[in-house]
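Accompanying notes for the structure given below.
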Amino acid sequence: MSIGLDQHEIELRPNHKNIRLLQDLQERITTRPVAYSVGLRGMGGECLCQVYLAAMHEHFVKNPAIRELEKRVSWTFWDIHTGEVDIAHREKLKAAIHAFVTRSPEHLKDLVQGYKDAKAIFDTFWDNIYADHFGSSAPAGRA
């Protein structure tokens, strides 16, 4: 909201495809094996998302429109999700996952499948946003 977006306007136009994706994530977490859920939300949600958010932040702060608003922008979200605390959290999570796989290698298949599903869902989430705003699928060449 601090960059001038109207909360009421945003709430009037929810992306229903993404709401269904988030509901699907919740269902998967509650019905699949724990290792799958760790791959889905731990590796996919936490680690993958932090890398993307860091890249987004790098470009966001260079945007001329944002630079003009820089003093009034609330940076709390970015401080939390791209700062030292989140980086430390990601490293702890990676260490915990490594320890889990070392102790219980039989769960590796579920862990990897959860991550792969998270990556596919993540890509679909952003493709839906792109299509919602530009009226087509993601740009050609996006992997």
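Residue-level check: of (1) part of a helix (DSSP H, G or I); (2) hydrophobic (A, V, I, L, M, F, W, C); (3) loosely packed, with under 10 Cβ neighbours inside 10 Å, residue 1 misses just (1). Part of a helix (DSSP H, G or I), among the charged types (D, E, K, R) and modelled with pLDDT under 85: is that true of residue 27 in this structure? It is false that residue 27 is part of a helix (DSSP H, G or I), among the charged types (D, E, K, R) and modelled with pLDDT under 85. The lone criterion from (1) of a type outside the set (S, T, N, Q); (2) farther than 30 Å from residue 4 by Cα; (3) over 13 Å from the mean Cα position of the chain (by Cα) left unmet by residue 25 is number (3). If the condition is being under 28 Å from residue 33 (Cα atoms) and not in a helix (DSSP H, G or I), then segment 95-138 contributes only 104.
So which residues in segment 61-94 are of a type in the set (Ser, Thr, Tyr) and in a loop (DSSP other than H, G, I, E, B)? Passing the criteria: only 74. Pairs linking a residue in segment 7-19 that is surrounded by 11 or more Cβ atoms within 10 Å (Cβ to Cβ) to a residue that is at pLDDT below 80, with Cβ atoms under 6 Å and 6 or more positions apart or on different chains, do not occur.
Okay, residues lined up against (1) closer than 13 Å to residue 40 by Cα; (2) in contact with a Pro (Cβ under 9 Å, 6 or more places away or on another chain); (3) at pLDDT 95 or above:
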position: 89; (1), (2), (3): no, no, no
position: 94; (1), (2), (3): no, no, no
position: 106; (1), (2), (3): no, no, yes
position: 121; (1), (2), (3): yes, no, no
position: 129; (1), (2), (3): no, no, no
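Would you pick out the residues in segment 75-109 that are surrounded by 13 or more Cβ atoms within 10 Å (Cβ to Cβ) and among the basic types (Lys, Arg)? Scanning segment 75-109 gives 90, 94, 109.
Of everything listed in (1) surrounded by 13 or more Cβ atoms within 10 Å (Cβ to Cβ); (2) under 19 Å from residue 22 (Cα atoms), the single unmet condition for residue 120 is (1). Looking across 72, 67, 32, one residue alone is exposed (fewer than 13 other Cβ atoms within 10 Å of the Cβ) and in contact (Cβ under 8 Å) with a residue 24 or more places away in the chain. It is 72. Of the residues making up segment 35-58, just one is surrounded by 11 or more Cβ atoms within 10 Å (Cβ to Cβ), over 13 Å from residue 112 (Cα atoms) and charged (D, E, K, R), namely 46.
The values are calculated or read from the model by the stated rules, or taken from the named source; none is laboratory data. This is a predicted model, so every value here is computed, not measured. Quick reminder, even Gly has a Cβ in these numbers, built from the backbone with ideal geometry, and neighbours come from all protein chains shown.
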